[in-house]
Amino acid sequence: MNIYIPKNFKIIKIIEETPNIKTFTLKPLNGEKFSFQTGQFIELTVYGVGEAPFTPSSSPYKTETIDVTIMRVGRMTEVLHSLREGDIVGIRGPYGKGYPVEKFVGKEVLIIGGGVGLAPLRSLLLTLIERINEFKRIILCYGARTPQDVVYKYLFPEWKKVKGLEILRSVDKCKPGEWDETIGVVTCLLDKVQVDIKNCVAVVCGPPIMMKFTTLKLIDMNFSPAQIYLSMERNMSCGLGKCGHCQIGSYFICKDGPVFTWEQLKDIPEPFE
Amino acid sequence: MKRRVSYADFIDILNGLLEKEQKLIYYPLNNGHLSNTSVNKDLKNFSLLNIRTIEPIKLLFFPVKDSLVDKIELKQRIGVGIKWCDIQAIKVLDKIFLSDYVDESYKNYREQTLIITTDCINPQQNCFCSLVGGKPYVEQKDGISDLNISFVDDNNLILESFSLTGDKFLQEYFNNFDEPTKTEELQRDSNREVANKKIFNHNIEFLKEENEKYYKTLKHTYEFDKIWDSASEKCVQCGGCNFICPSCYCFLIREASESFENQFRDKVWDVCHFTGYARVAGGANPRKYKYQRFRNRYQCKFVYRYENFGFYACTGCGRCIDVCPAKIDIRKVIRSLVLAKGEEVIVKK
């Protein structure tokens with residue numbers, strides 16, 4: 001088997017989340033199912049343009065199709081955003097180690113997401129919702145830059161109805177009257193959360209700067225480094241622990257992550273940019 | 001299995017392999033370069049007397065550019081005259097390309113290549129395998145090698161097989177030769193001792209320490225960033241040290257398909273010193289300063305891969321010292337860190 005060659009997937013649906021974020025629903029062209037563990041990532045190819053890593057945002061319980069939520073931010077995603085339903089892309093994977101959901105059982109799970117960082121967390125959230133009774137409590141803190149930048153706007157009303165799931169949201173800034181929830185960076189939501197620190201895990205995903213300050217804030221709240229799970233993103237190129245691009249200390253993010261505890265990363269130079 | 005062969009007979013037999021059996025033979029030239037098999041019809045300018053070739057042996061298994069789509073039918077190949085430093089580097093590459101997910105192309109190149117190693121009889125100023133736990137000759141316990149060539153004197157060689165493939169090769173082509181005598185083996189050992197002394201003397205100003213000392217010295221501490229900053233001051237980030245390094249394995253996947261029905265991609269060597277190496281879409285860069293990238297390369301060799309594999313990814317070949325336009329010497333950089341950290345400097349006389 002050639003580990004570097006992708007399989008073909010058809011884009012069957014595109015949802016425009018924000019002006020620069022789209023969710024693509026992809027279906028294997030050969031009719032096979034696609035299984036992954038929540039938090040694992042895939043390498044997505046736009047043929048002739050490039051390949052880049054993304055974490056599926058759909059539930060791993062759904063294997064006929066996968067969703068990936070992608071921000072238009074570079075050369076490859078620019079082209080990806082111009083694709084239409086019916087177009088073919090390539091996928092390799094899934095790769096890496098996802099969220100250790102079994103370790104969360106019986107605990108309070110505090111999920112903190114920033115911007116498009118909610119994509120992998122949506123997959124985690126859908127997994128947890130599937131087994132909601134096994135967790136003591138689930139709290140989602142989500143921050144976006146402006147109300148327009150909030151992703152999955154259509155899903156929040158549904159999630160708010162889920163018993164055992166609490167949702168807090170913030171935006172960094174907004175026009176008067178545009179937002180009736182918290183205004184401020186996502187870490188300020190943590191001031192409003194009361195958790196049983198001893199029996200709680202925190203799961204963080206977002207831009208590097210947000211991950212950094214959220215981690216500091218959690219440490220400040222007395223979370224131990226082993227209780228903080230971070231979904232790290234680098235420029236994973238091969239996804240197989242070979243090409244070297246995503247090295248962080250002695251870890252390859254693609255193989256040993258992308259989910260790490262802060263305990264694993266705290267002594268490594270420049271974990272967040 | 002051991003055989004004693006004259007230098008001239010050895011070359012004759014290899015020439016026969018080249019002509020009659022059309023085997024691809026990669027060998028060291030007397031000008032220090034690695035031969036290019038495609039242009040050689042006989043072993044012209046063959047020499048075993050130099051140090052490792054200028055080009056790293058990784059080229060045999062991990063070409064600068066290698067298609068990930070086309071499956072190549074490889075002829076059996078022979079790499080002759082490979083030194084300890086390149087053997088150690090192949091160990092690193094094997095760990096990367098053959099563990100977890102197997103890189104089929106690399107595996108194919110490795111399986112189709114008979115590795116014939118040789119002693120270094122005349123280590124040069126920039127050789128420092130002794131500092132990273134190595135030595136200027138290969139033994140069976142070092143692995144990788146199928147067959148080793150060592151020197152009784154300039155005209156007589158001892159061939160010693162280290163693997164089943166090596167055994168077969170000796171039986172097939174060198175069966176008519178005698179086993180070396182005890183005296184000849186002792187002469188060989190004393191040649192090795194001379195090489196050992198030479199390499200020790202070339203490195204006398206540097207550290208002769210326990211292996212894990214480098215690991216401790218180079219393990220990250222932020223207060224030494226200023227030393228990395230000054231050590232990397234002259235570095236022009238040309239990437240020469242990465243390309244020439246026998247154990248640097250980083251590559252980029254270049255996606256160049258015409259369409260989903262006509263896929264093409266290849267892997268191309270990449271360089272961790274380049275600004276864009278770790279940069280992600282959107283422009284964020286975990287190692288945006290030169291000193292961070294410079295430091296990362298040292299830590300990759302002496303800290304990270306050591307943690308992964310239990311041995312250093314630097315093999316002491318000294319190619320990076322030879323190639324550097326800024327004359328940066330890896331040994332001096334490490335020494336400056338040791339001195340700055342105030343650790344004991346032991347020079348064994």
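The values are calculated or read from the model by the stated rules, or taken from the named source; none is laboratory data. Since this is a predicted model, take the numbers as computed values, not measurements. We place every Cβ from the backbone using ideal geometry, glycine too, and count neighbours over all the protein chains shown.
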Can you tell me how many residues in region A:53-64 are free of Cβ contacts under 8 Å to residues at least 40 places away in the same chain and within 14 Å of another protein chain (Cβ to nearest Cβ)?
-> 0
Please go through region B:312-333 and pick out each residue that is on the phi < 0 side of the Ramachandran plot, of a type in the set (Gly, Ala, Ser) and buried (at least 19 other Cβ atoms within 10 Å of the Cβ).
-> B:ALA313
Scanning region A:173-200 residue by residue, the ones that are more than 28 Å from A:VAL101 (Cβ to Cβ), acidic (Asp, Glu) and loosely packed, with under 12 Cβ neighbours inside 10 Å total 1
Turns out the strands (runs of 3 or more DSSP E) fully within region B:1-93 with at least 3 residues that are farther than 26 Å from B:ILE121 by Cα are B:65-67
All positions within region A:135-159 that are under 21 Å from A:PHE104 (Cβ atoms) and in a helix (DSSP H, G or I) = A:TRP159
Given the conditions (1) out of contact with any Leu (no Cβ under 8 Å at 6 or more places or on another chain); (2) surrounded by fewer than 23 Cβ atoms within 10 Å (Cβ to Cβ); (3) among the aliphatic types (A, V, I, L, M), which single one is not true for A:MET236?
-> (2)
Kindly list the number of the only condition in (1) in contact (Cβ under 8 Å) with a residue 40 or more places away in the chain; (2) closer than 30 Å to A:CYS246 by Cβ; (3) not aliphatic (A, V, I, L, M) that fails for B:GLU111.
-> (1)
Among the numbered conditions (1) at pLDDT 95 or above; (2) touching a helix residue (DSSP H, G or I) at 6+ places or on another chain (Cβ under 7 Å), tell me where B:ASP66 comes up short.
-> (1)
Selection over region A:107-134 where residues are under 18 Å from the mean Cα position of the chain (by Cα) and assigned to a helix (DSSP H, G or I) yields a count of 16
Among the basic types (Lys, Arg), over 30 Å from A:ASP267 (Cα atoms), exposed (fewer than 14 other Cβ atoms within 10 Å of the Cβ) and more than 12 Å from chain A (Cβ to nearest Cβ), is that true of B:LYS197?
-> yes
If you go through region B:204-216 one residue at a time, do you hit one that is of a type in the set (Lys, Arg) and within 11 Å of another protein chain (Cβ to nearest Cβ)?
-> no
Taking region B:82-104 and keeping residues buried (at least 24 other Cβ atoms within 10 Å of the Cβ) and more than 14 Å from chain A (Cβ to nearest Cβ) leaves B:ILE82, B:LYS83, B:TRP84, B:CYS85, B:ASP86, B:GLN88, B:ALA89, B:ILE90
Starting from residues that are of a type in the set (A, V, I, L, M) and surrounded by fewer than 19 Cβ atoms within 10 Å (Cβ to Cβ), keep the ones in region B:253-280 and report whichever is nearest to the other protein chains (Cβ to nearest Cβ).
-> B:ALA256
Working only within region B:140-167, note down all residues that are without any contact (Cβ under 8 Å) to a residue 24 or more places away in the chain and loosely packed, with under 15 Cβ neighbours inside 10 Å.
-> B:GLN140, B:LYS141, B:LEU164
Within region B:281-326, restricting to residues that are touching a Phe, Trp or Tyr at 6+ places or on another chain (Cβ under 6 Å) and among the hydroxyl-bearing types (Ser, Thr, Tyr), the one that is farthest from the other protein chains (Cβ to nearest Cβ) is B:TYR312
Is there any pair linking a residue in region A:69-90 that is closer than 24 Å to A:VAL150 by Cβ and facing chain B (nearest Cβ under 9 Å) to one that is of a type in the set (Gly, Ala, Ser) and buried (at least 16 other Cβ atoms within 10 Å of the Cβ), with Cβ under 6 Å and at least six apart or on different chains, and which?
-> A:VAL73/B:ALA281; A:GLY74/B:ALA281
Scanning region A:125-169 residue by residue, the ones that are of a type in the set (Val, Ile, Thr) and under 17 Å from A:GLU16 (Cβ atoms) total 3
Limited to region A:1-45, what total is found for residues that are of a type in the set (D, E, K, R), within 22 Å of A:GLU78 (Cβ to Cβ) and within 14 Å of chain B (Cβ to nearest Cβ)?
-> 2
